[in-house]
Amino acid sequence: MKFENEVKNETLIIRVKDTTFDARGVKQFKRDMFLAISESDFKNIVVNLENVRMVDSTGLGGLLFAKRQTDIRGGRCYLINPKPRILSLLKISKLENIFELARSEQEALTATA
């Protein structure tokens, strides 16, 4: 699985490059996040899901891991452009109010400033 990470201001932006966020990618996702934590100081996390069509329960666990990291730092966790199918999974899992949603990375960055 491919991810692209960037830190802007106090926000870690994680761009998921694959169409499926599942067990194969969560280990890499967490590893990349730990690496980013060790290299920079951030408070917020933005996970860009605009390319992702499917998230399984393991992927959902990875997103919750990101949310916990922001809770520890007193920050916010945004999901960018989740597809309706992913929104449905969040609702079924009763997690729709856990994450903040934004239409773009810039919208999320503006909200965290």
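The values are calculated or read from the model by the stated rules, or taken from the named source; none is laboratory data. Predicted model only: the values in this text are computed from it and were never measured. Note: ideal-geometry Cβ built from the backbone for every residue, glycine included; neighbour counts use all protein chains shown. What goes into the accessible areas is simple: the full protein's heavy atoms, side chains included, and nothing from ligands, DNA or RNA. Shrake-Rupley method; radii C 1.70, N 1.55, O 1.52, S 1.80 Å.
Points to keep in mind about this one:
- Around the amide H of Leu101, modelled in the peptide plane, lie the amide H atoms of Leu79, all under 5 Å away and 5 or more residues distant in sequence or on another chain.
- Annotation: amide H of Asn48 within the under-5 Å range of Ile14, Arg15, Val16, Ile80, sequence separation 5 or more or interchain, hydrogens built in the peptide plane.
- When both bridge partners sit in region 1-74, DSSP labels roughly 45% of those beta bridges antiparallel.
- Debye intensity ratio I(q)/I(0), log10, region 1-57, q values 0.12 Å⁻¹ (C-alpha model): -0.26
- Global size of the chain as Cα Rg and Dmax, reported in angstrom: 12.6, 36
- Set of lysines with alpha-carbon distance to Lys2 below 17 Å, sequence-local pairs under 8 removed: Lys17, Lys27, Lys30
- A simple charge model with +1 on the Cβ of Lys and Arg, -1 on the Cβ of Asp and Glu and nothing else charged puts the dipole of region 6-86 at about 180 debye relative to its Cα centre.
- Rounded to the nearest 0.05, the FRET efficiency derived from the C-beta distance between Lys8 and Arg85 at R0 = 30 Å is 0.60.
- The phi-based Karplus calculation (6.51 cos²θ - 1.76 cosθ + 1.60; θ = phi - 60°) puts the 3J(HN,Hα) values of region 32-47 at 4, 5, 4, 5, 5, 4, 6, 9, 8, 9, 9, 10, 10, 10, 10, 10 Hz, whole numbers, x for Gly and Pro.
- Of Glu100, Glu39, Glu50, the one that fluctuates the most in a GNM where the chain has Cα springs shorter than 10 Å: Glu39
- Packing, as the average of other Cβ atoms within 10 Å across residues, places the peptides 4-12, 54-62 in the order 54-62, 4-12, highest first.
- Computed from backbone phi, the HN-Hα couplings of region 80-94 come to 9, 6, x, 5, x, 4, 6, 4, 4, 4, 4, 5, 4, 7, 6 Hz, rounded to whole numbers (Karplus: 6.51 cos²θ - 1.76 cosθ + 1.60, θ = phi - 60°; Gly and Pro given as x).
- Placing unit charges on each Cβ (+1 for Lys and Arg, -1 for Asp and Glu) gives the chain a dipole about its Cα centre, and among Ala102, Val55, Phe3 the Cα reaching farthest toward its positive end belongs to Val55.
- Probe 1.4 Å, accessible area per residue of the chain, Å²: 55 Å²
- Whichever aspartates and glutamates have a C-alpha closer than 18 Å to that of Lys83, once near sequence neighbours (fewer than 8 apart) are set aside: Asp18, Asp22, Glu50, Asp56, Glu96, Glu100, Glu105, Glu107
- Note: relative contact order over the chain, using C-alpha pairs below 8 Å and six or more positions apart, is 26 percent.
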